[in-house]
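A.B. asks: Below is a structure I'd like to ask you about.
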Amino acid sequence: MTLFTLLIVLIGIIGILLTFSVLLQSGKGGGLAGIASGGATTQILGSRQAPDFLEKATWVLATAFIVLCILTNFAIDSGTRESVIQQQAQENPPAAVLPPPASVPAPAGDAATTPPDAGSGN
């Protein structure tokens with residue numbers, strides 16, 4: 001597994017965790033964090049610690065997501081700097097381009113090009 005693939009997998013995992021941390025936060029209407037603010041969660045984390053934890057987790061995950069996205073640019077394999085079109089052109093060189101054949105004017109007295117009644121003055 002290359003470094004690039006590893007970073008992409010980490011970015012995917014962090015993206016999923018970031019989505020859940022944002023959705024669990026309480027907004028003006030209470031959100032899904034209302035589920036976590038009652039019962040056993042209140043006894044373990046306290047009444048205000050759950051939203052604080054979710055906010056900190058969101059900031060940490062968002063920062064990690066951005067940093068990994070930037071670092072991924074440096075992990076891209078720089079060994080192949082040619083585009084696919086350039087690689088195909090080197091493998092299959094195009095045939096020599098020849099100019100179109102010069103048009104040869106037809107002789108003036110050719111019967112095939114002269115209409116049958118063109119010569120008669122009728």
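A.B. asks: Please go through segment 1-31 and pick out each residue that is at pLDDT 85 or above, surrounded by 15 or more Cβ atoms within 10 Å (Cβ to Cβ) and among the polar types (S, T, N, Q).
C.D. replies: The answer is S21, and nothing else.
A.B. asks: I would also like to ask the following. What are the residue pairs meeting all of these: first residue in segment 48-63, first residue modelled with pLDDT of 85 or more, second residue surrounded by 14 or more Cβ atoms within 10 Å (Cβ to Cβ) and outside any helix (DSSP H, G or I), Cβ atoms under 6 Å, and 6 or more apart or on different chains?
C.D. replies: L54/Q25
The values are calculated or read from the model by the stated rules, or taken from the named source; none is laboratory data. Quantities reported herein were computed from a predicted structural model and do not represent experimental measurements. So basically every Cβ, Gly included, is an ideal-geometry build from the backbone, and we count neighbours across all protein chains shown.
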